[in-house]
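> Pasting a structure below so you can have a look.
The values are calculated or read from the model by the stated rules, or taken from the named source; none is laboratory data. These figures come from a predicted structure and were not determined experimentally. Counting neighbours? That spans all protein chains shown, and the Cβs are built from the backbone with ideal geometry, glycine included.
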Amino acid sequence: MSNLKVLFIGGSGIISASCVREAVRQGLDVTVLNRGTSTLRRLPEGVTRLTADSNDPDSLREAIGEDHYDAVVNWVNFVPEQVQRDIDVFTGRTDQYVFISSASAYQTPPSRMPVVESTPLKNPHWQYSRDKIACEELLVKAYREDDFPMTIVRPSHTYDETLLPFEAKWNVIERMRAGKPVVVHGDGTSLWTITHARDFAVGLVGLLGKEAAIGEPFHITGDEAPSWNQIFEDAAAAAGVAEPKLVHIASEAIAAAVPEWGPGLVGDKAHTMIFDNSKLKNLVPAFGQTTTPFKLGIREVVAWYDAHPEQQTTAPGVDAIQDRLIEAFGPRSL
């Protein structure tokens with residue numbers, strides 16, 4: 001596997017940067033193509049860098065030249081038009097094309113758990129998820145009719161040291177440290193699979209170059225599914241807060257009051273989601289138990305933000321939004 005020639009389109013994001021590092025660690029010949037504008041995550045030594053706009057087919061073709069890749073992984077495709085462009089560009093140029101979909105494409109809410117790869121794809125609440133489903137359908141058609149060598153990967157909630165799992169982001173930590181109450185959707189007891197990007201990367205890289213992965217979908221998630229109450233409590237502990245004040249508010253009420261939070265809540269986080277990773281583990285034995293449980297991972301996140309105060313930004317009005325929600329829907333004793 002060490003001679004596998006892989007092209008990552010993107011490669012500097014929350015999940016993709018970890019996968020680039022893991023691919024290099026395993027000795028793959030790694031090329032990363034992006035616009036070269038991200039400075040948050042540095043690429044490791046030994047990576048070939050190409051600069052191009054992946055949404056411009058001419059720019060993409062010029063950058064890759066006549067090269068042929070054993071695998072191409074595109075991290076930045078979200079609508080079918082982008083996927084069709086890649087089918088046109090990479091037909092005959094790669095032995096495996098990996099599309100990064102989303103576990104939010106699964107039936108929401110799920111009719112049964114754990115979720116498996118054959119669980120129906122249907123999310124009436126979130127356009128992002130419906131677009132991913134349309135992308136998958138296009139790739140399945142290309143595989144069935146033209147033998148386009150695709151593999152579909154569905155991440156669930158995956159994070160690295162830069163990502164907080166809350167709609168209000170850093171404001172949650174700020175409020176906890178200030179002794180203020182924070183909003184938790186629902187009653188906080190729904191279970192949520194949350195996966196560190198380092199663990200995800202082992203699964204993703206393990207699929208590259210595998211003939212048995214062609215034409216197949218895989219979700220890649222950890223085995224840990226804490227409740228949202230536990231997620232908030234672990235974040236509080238990482239921030240040095242012993243007893244956080246959690247205010248539970250119905251997801252639908254939050255969505256109605258803050259429409260921009262609605263799709264991600266009602267269309268994803270509001271529902272218990274537990275996954276069966278047997279299909280992936282059978283093909284990639286190295287993808288075993290979770291190595292970074294959230295209780296430890298969130299310590300890295302808070303430590304990173306504490307070390308990078310310039311990243312402790314809060315979107316305008318988010319603090320007021322939490323105050324408004326708590327005043328409208330929280331207990332009178334607050």
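> Which condition from (1) free of Cβ contacts under 8 Å to residues at least 60 places away in the same chain; (2) within 19 Å of ILE133 (Cβ to Cβ); (3) hydrophobic (A, V, I, L, M, F, W, C); (4) not in a loop (DSSP other than H, G, I, E, B) is the one that PHE78 breaks?
Among (1) free of Cβ contacts under 8 Å to residues at least 60 places away in the same chain; (2) within 19 Å of ILE133 (Cβ to Cβ); (3) hydrophobic (A, V, I, L, M, F, W, C); (4) not in a loop (DSSP other than H, G, I, E, B), PHE78 violates only (4).
> Also, quick follow-up: Given the conditions (1) at negative phi; (2) surrounded by fewer than 20 Cβ atoms within 10 Å (Cβ to Cβ); (3) in contact with a strand residue (DSSP E or B) (Cβ under 8 Å, 6 or more places away or on another chain), and given that LYS180 satisfies all but one, which numbered condition is not satisfied?
(3)
> The conditions are (1) surrounded by fewer than 18 Cβ atoms within 10 Å (Cβ to Cβ); (2) within 30 Å of HIS271 (Cα to Cα); (3) of a type in the set (Gly, Ala, Ser), and SER59 fails exactly one of them. Which is it?
With respect to (1) surrounded by fewer than 18 Cβ atoms within 10 Å (Cβ to Cβ); (2) within 30 Å of HIS271 (Cα to Cα); (3) of a type in the set (Gly, Ala, Ser), SER59 is out only on (2).
> Out of the residues in the stretch 39-54 that are of a type in the set (Lys, Arg) and closer than 16 Å to THR162 by Cα, which is modelled with the highest pLDDT?
If we filter the stretch 39-54 for residues that are of a type in the set (Lys, Arg), which is where we start, we get 41-42, 49.
Imposing the further condition that a residue be closer than 16 Å to THR162 by Cα reduces the set to 41-42.
Numbers: ARG41: 78, ARG42: 81.
Looking at the filtered set, the residue picked out is ARG42.
> Among the numbered conditions (1) under 16 Å from PHE8 (Cα atoms); (2) touching a helix residue (DSSP H, G or I) at 6+ places or on another chain (Cβ under 7 Å), tell me where LEU208 comes up short.
(2)
> Here is a follow-up. Considering only residues that are assigned to a helix (DSSP H, G or I), of a type outside the set (Gly, Ala, Ser), buried (at least 16 other Cβ atoms within 10 Å of the Cβ) and out of contact with any Pro (no Cβ under 7 Å at 6 or more places or on another chain), which ones fall in the stretch 284-299? Walk me through how you get there before you give the answer.
First, the residues of the stretch 284-299 that are assigned to a helix (DSSP H, G or I): 294-299.
Still in the running and of a type outside the set (Gly, Ala, Ser): 294-296, 298-299.
Keeping just the survivors that are buried (at least 16 other Cβ atoms within 10 Å of the Cβ) gives 294-295, 298-299.
Selection gives LYS295, ILE298, ARG299.
> Now for a different question. Go through the stretch 300-334 and give me each residue that's under 22 Å from ALA255 (Cα atoms), in a helix (DSSP H, G or I) and not polar (S, T, N, Q).
VAL318, ASP319, ALA320, ILE321, ASP323, ARG324, LEU325, ILE326, GLU327, ALA328, PHE329
> Next question. What are the residues in the stretch 91-134 that are hydrophobic (A, V, I, L, M, F, W, C) and either in a loop (DSSP other than H, G, I, E, B) or out of contact with any His (no Cβ under 8 Å at 6 or more places or on another chain) (or both), if any?
Initially, the stretch 91-134 is screened for residues hydrophobic (A, V, I, L, M, F, W, C), giving 98-100, 103, 105, 113, 115-116, 121, 126, 133-134.
If the condition is that a residue be hydrophobic (A, V, I, L, M, F, W, C) and either in a loop (DSSP other than H, G, I, E, B) or out of contact with any His (no Cβ under 8 Å at 6 or more places or on another chain) (or both), then VAL98, PHE99, ILE100, ALA105, MET113, VAL116, LEU121, TRP126, ILE133, ALA134 are the ones that fit.
> Here's a follow-up. What residue, of THR162, THR151, is surrounded by fewer than 19 Cβ atoms within 10 Å (Cβ to Cβ) and within 30 Å of PRO293 (Cβ to Cβ)?
Numbers: THR151 fails: surrounded by fewer than 19 Cβ atoms within 10 Å (Cβ to Cβ).
That would be THR162, the only listed residue that is surrounded by fewer than 19 Cβ atoms within 10 Å (Cβ to Cβ) and within 30 Å of PRO293 (Cβ to Cβ).
> Would you mind finding the one in ASP70, ASP86, ASP147 that is modelled with pLDDT of 95 or more, touching a helix residue (DSSP H, G or I) at 6+ places or on another chain (Cβ under 9 Å), under 30 Å from GLY27 (Cβ atoms) and charged (D, E, K, R)? Reasoning before the result, please.
Values: ASP70 fails: touching a helix residue (DSSP H, G or I) at 6+ places or on another chain (Cβ under 9 Å); ASP147 fails: touching a helix residue (DSSP H, G or I) at 6+ places or on another chain (Cβ under 9 Å).
Being modelled with pLDDT of 95 or more, touching a helix residue (DSSP H, G or I) at 6+ places or on another chain (Cβ under 9 Å), under 30 Å from GLY27 (Cβ atoms) and charged (D, E, K, R) holds for just one of ASP70, ASP86, ASP147, which is ASP86.
> So, one more: Check whether at least one residue in the stretch 259-281 is farther than 20 Å from LEU191 by Cα, modelled with pLDDT under 95 and either in contact with a Leu (Cβ under 8 Å, 6 or more places away or on another chain) or of a type outside the set (Ser, Thr, Tyr) (or both), and report yes or no. It would help to see each step written out before you state the result.
To start, the set of residues in the stretch 259-281 that are farther than 20 Å from LEU191 by Cα comprises 259-260, 279-281.
Adding the requirement that they be modelled with pLDDT under 95 leaves 259-260.
The next check asks that each one be either in contact with a Leu (Cβ under 8 Å, 6 or more places away or on another chain) or of a type outside the set (Ser, Thr, Tyr) (or both); those that pass are 259-260.
Within the stretch 259-281 (the criterion being farther than 20 Å from LEU191 by Cα, modelled with pLDDT under 95 and either in contact with a Leu (Cβ under 8 Å, 6 or more places away or on another chain) or of a type outside the set (Ser, Thr, Tyr) (or both)), the answer is yes, since at least one residue qualifies.
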